[in-house]
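So the structure is just underneath, and the comments pick up after that.
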Amino acid sequence: HTVSYTSLAVANQGYLRLRIKASATKDIHTRIAWSSEGKSRLKSYVGTTYSNNGTPYTPFNRQSKLANSMAGLIYINPTINVLGTQRGNDFIGASGAAVVRVGGTGASDIETIINAGTEVLFEIQNVSGSASDLNFIANIYEREAL
């Protein structure tokens, strides 16, 4: 399955958040790619609590003949009560604010396994000094829980 989501013109210091929640019976193996027009930071968290799940997102099945059926759940931009424990930290550098750059983006990726019954929050923060487009692409494979 694949999640491909872009948030346009995210304000400076604003966020794009991706919540991936594994089902009770299947692990999720995912490779998360993220990109930004300007400088941005990526953090991931476990143990996050939410006051709103966010917008449900249906990933498309990479096998074109199969239906979009995934046991896990995906949400975009949930409302956070407590971020939880930070797991990872990465950034994309850029030469100047997004508004003054001419073409191109920066990108990076990480790989992780989200065990059955758990979830991870991925958060991109725009720190470019101006509005910037932010993007997540997550390739997701579900497997029997270990």
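What the table shows:
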{"read-out": "Cα-Cα pairs of the range 1-60 separated by more than 18 Å (percent)", "value": "47 percent"}
{"read-out": "Protection proxy ranking of 23-31, 124-132, 2-10 - average other beta-carbon atoms within 10 Å, highest first", "value": "124-132, 23-31, 2-10"}
{"read-out": "About the Cα centre, charge dipole magnitude for the range 1-74 (Lys/Arg +1, Asp/Glu -1 at Cβ), debye", "value": "120 debye"}
{"read-out": "Carbon and sulfur %, accessible surface of the chain computed with the full protein complex present, 1.4 Å", "value": "50 percent"}
{"read-out": "Phi-based couplings in Hz for the range 125-134 (Karplus 6.51, -1.76, 1.60; Gly and Pro marked x)", "value": "10, 6, 10, 7, x, 7, 4, 8, 6, 10"}
{"read-out": "Under 12 Å, Cβ to Cβ, from Thr49 - net charge with Lys/Arg +1 and Asp/Glu -1", "value": "0"}
{"read-out": "Theoretical gain in end-to-end length, Asn52 to Thr25 [0.36 nm per residue, Cα-Cα removed]", "value": "7.4 nm"}
{"read-out": "Protection-proxy order for peptides 75-85, 33-43, each taking the mean of Cβ atoms within 10 Å per residue, highest first", "value": "33-43, 75-85"}
{"read-out": "Approximate spin-label separation Ala11-Ala145, in nm, with each point projected 7 Å along Cα-to-Cβ", "value": "4.0 nm"}
{"read-out": "Those aspartates and glutamates that a straight Cα-Cα span of less than 13 Å connects to Lys26, excepting residues fewer than 8 apart in one chain", "value": "Glu119, Glu142, Glu144"}
{"read-out": "Cα gyration tensor, the chain - rounded (a/c under 1.5), prolate or oblate", "value": "prolate"}
{"read-out": "Selected from Ala11, Ala67, Ala22 as most flexible by GNM, with the chain as the system and alpha-carbon contacts under 10 Å", "value": "Ala67"}
{"read-out": "Convex hull volume per residue in cubic angstrom - Cα atoms of the range 20-88", "value": "132 Å³"}
{"read-out": "Accessible area expressed per residue, the chain, with surrounding protein chains retained (probe 1.4 Å, Å²)", "value": "51 Å²"}
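The values are calculated or read from the model by the stated rules, or taken from the named source; none is laboratory data. The model shown is predicted, which means the values in this text are computed figures rather than measured ones. In this analysis, Cβ positions are derived from the backbone assuming ideal geometry, glycine residues included, and neighbour counts consider all displayed protein chains. Accessible surface areas use protein heavy atoms only, side chains included; no ligands, DNA or RNA. Shrake-Rupley method; radii C 1.70, N 1.55, O 1.52, S 1.80 Å.
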